[in-house]
Amino acid sequence: MVIRLTDGGSKLDFFSGLYEEAKAVMEEELSRHERYYKQYKGDPEIDSNEQGLPAVKAKVVRNITYELVESQVTSYIPMPNVAPGWWSEVVERNAKTVERLLSSLRDKLGFERMNDIDERYNPIYGGSVWLPEWDEGQKTHSTSGEVKVTCLSPRQFVGQPYVYEVQDMEYCFTSFETTKEDLMRRYDADWAKVGETVNDQNADEKTATLIVCYYRNDDGKVCRFAWSGDVQLSDEEDFFRRRRSYCKKCGKSEALCTCEKPDIVQEDEEYETVEAPIVLSDGRVIPAESPKVVDGKPVTKKMTVTEGFDDAGGVKVPLTTEIEMPVMQATKLPYYYPDLIPIVIRKNTSEEGKLFGQSDCEFIRPQQMAINKIESRIAEKLLSSGVSPKVPEDYEGDLDNGIMSSVIRCSQENHHLFGVIDVTPDISRDVMEAERLYDQAKRILGITDSFQGQHDSSAQSGVAKQLQIQQGAARLNSKRAMKNAAYADLDRIIFQLYLAYADEPRQISYKDATGRMHNATFNRYDFYEQDASGEWYVNDDYLFSADAATDAEKDRQFLWQEARLNFQSGAYGNPALPQTLLIFWQNMERAHYPYAHENVERIRAEIESSARIEAQQEQIAAQQIAIDEGEARAAVAEQAHRDYESYLTAKQGGAANGI
């Protein structure tokens, strides 16, 4: 994007004007978002058929929009699935490490809370906005920096007009409501300037609206510009590039500078110099020295080496030759720089020519408006209805609305002349029409009574009920697919941020297929490789998707039942064996069955105890066999000795008798 400044204009003026232009183009969509949100909250205002007419408000609102939106909310969070772009043992191992890292972040970053609001943003507005960032302020004893993920409302995002994919945009904007103290901490801003950050969007005098623009420069690099009100807060060209802060006076880094008045400047860092060999997770080593490479070709120099000696003349003369040797230098690893705008848009369902997807509120709005009118009509009928007393023409007593408060005297001849006239209007047709519109709205969204957990007499068996729920969920599968795609894009950006800034190894714990806990390490150096010429580069060629095997949040009961059937049918092995029982409870644990983990540990301990007892019994049996064999050999030897003695005795007796 080319930044063109007018005479006397500033970058702040340029981006402020660009923001207002883009926002003006999106004004119609933003007004629709406001209208859909009010509809979700039960706004009584009814759409007018003709423009210019005053708004009419319903007396009663039956909020079917809220009901149908809430019935679709799910706690399902897509789990990452990472595959290598091209296969090797090292790349496959790295893919598993990235997958485990992303899985651990699902719990660490609080995706449950973000998913809860995200599940409402999408059916209301047609989409949601995810913002992954690297927060250098998050530090622990052994690490510096961590990923931060924020879920934003579409009303907080303004994209480049008429461009419908974020990564194709030249610029886009996000807005946040924050405190002025936070702006001072994050941007080292002066309070006097921050105090001027007043605009119409501010909640009060202590808050400010922060607007951030992500854009691409002439080289295609991602840049970032932030401001609030009339105050510029940051201008970061090539936002993801590493920069080193040092003092021009002493040449030391900002952290080590001891100058009384340091002159701190920043310079871009392209490479990291390896001062000592780096041992990778799999035992490979990045050496401290590597061949020098220029323009993709290794640099060499001629060296004279001795191959032997010639002593033909009685004097040893060395035989030398010249060979090409690579020129060695300190290993320089290029820093990795993300190339994606850190914005992910999840669409509800896709729609041609729109940045966000289709809103459920949009499609059921006619039914909502009609139901509000009918329910208001029903209420009006019921409130104006009632009964009127009927008395003889010559009756002179008083009438009131009290119960048992008055006594009316009548005779057998005229008692039938006393009574009431019911003037309650018939509302049965109104009720039927309201229910018909409600059913229309459900069919539009693909929601059935079974999906909502309501009574449905059309399913007579448990299997039929499960089939109905699955068919209803299939109608909503497009929304689930778009959610999976958004999480895959989010995982790719998070991976790039860790490749770029996670200098220290990150410890990860994970559970294997047998339920045992293990430790693993994410080390960004594991992703460095050398090309054919010996030049170092970062391999980020990995494929990201959502693991479909985890998409079972609404089918836990079904999974439990299937596990029981598989166990009983012998699919896991002989049901009488404890090993088969262990497999069954491990599957129940993965399906989040209550107390399954305790059963797994108990059965595993029993199997291990049985194995130890069996091993001891085998050892005792082997020892007994050895003892028996020794006793048998001893008995044979003793018998042989006795036989030999008998032989000698017999021989001596024969010699004495002259035999």
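This model, with +1 at the C-beta of Lys and Arg and -1 at the C-beta of Asp and Glu, gives region 243-401 a dipole about its Cα centre of some 800 debye. Sorting 363, 14, 495 on solvent-accessible area from highest to lowest, probe radius 1.4 Å, gives 363, 14, 495. Note on region 411-453: along the principal axes its Cα atoms extend 64, 19, 7 Å, ordered by decreasing extent. Ordered from largest to smallest accessible area (heavy atoms of protein chains, 1.4 Å probe), the residues 86, 227 come out as 86, 227.
Compactness of region 1-131, taken as the C-alpha radius of gyration over 2.2 N^0.38 Å, stands at 1.65.
Annotation: residue 130 carries an accessible surface of approximately 10 Å², with a 1.4 Å probe and no ligand, DNA or RNA atoms counted.
Near the amide H of residue 349, within less than 5 Å, lie the amide hydrogens of 357, 358, all on another chain or at least 5 residues away, with H placed in the peptide plane. Accessible surface calculations at 1.4 Å, restricted to protein heavy atoms, place the chain at 59 Å² per residue. With Cα atoms as the point set, the radius of gyration and Dmax of region 568-659 evaluate to 30.2, 97 Å. Ligands, DNA and RNA aside, residue 387 has an accessible area near 90 Å² when probed at 1.4 Å. The listed residues 581, 105, once ranked by accessible area (1.4 Å probe) with the largest placed first, stand as 581, 105. Extension gain for residue 184 to residue 639 (0.36 nm times residue separation, less C-alpha to C-alpha distance): 153.6 nm.
Accessible area per residue was computed with a 1.4 Å probe on protein heavy atoms; residue 36 scores about 10 Å². Taking Cβ atoms as reference points and 14 Å as the exclusive limit, the residues near residue 610 contribute a net charge of -1, counting Lys and Arg as +1 and Asp and Glu as -1.
Using the Cβ-Cβ distance between residue 439 and residue 545 with R0 = 35 Å, the FRET efficiency computed as 1/(1 + (r/R0)^6) comes to roughly 0.45. In this simple spin-label approximation, residue 266 and residue 577 carry label points 7 Å from Cα along the Cα→Cβ vector, and these lie 6.3 nm apart. Close amide H pairs (under 5 Å, H built 1.01 Å from N) link residue 45 with 58, residues at least 5 positions away or on another chain.
Between residue 427 and residue 48, the contour length at 0.36 nm per residue exceeds the Cα-Cα span by 134.0 nm. Between residue 155 and residue 560, residue separation times 0.36 nm minus the direct Cα-Cα distance comes to 141.7 nm.
For the chain, the membrane-span-like helices by this rule, meaning whole DSSP H stretches whose C-alpha atoms cover at least 27 Å of axis and whose Kyte-Doolittle mean is -0.5 or above, are 360-384, 477-501; this says nothing about an actual membrane. Volume per residue of the convex hull around the Cα atoms, evaluated for the chain, comes out as 459 Å³.
The values are calculated or read from the model by the stated rules, or taken from the named source; none is laboratory data. Computed from a predicted model, the values in this text were never measured in an experiment. Glycine also receives a Cβ, built like all others from the backbone with ideal geometry; neighbour counts cover every protein chain displayed. With ligands, DNA and RNA removed, areas are computed over all heavy atoms of the protein, side chains included. Shrake-Rupley method; radii C 1.70, N 1.55, O 1.52, S 1.80 Å.
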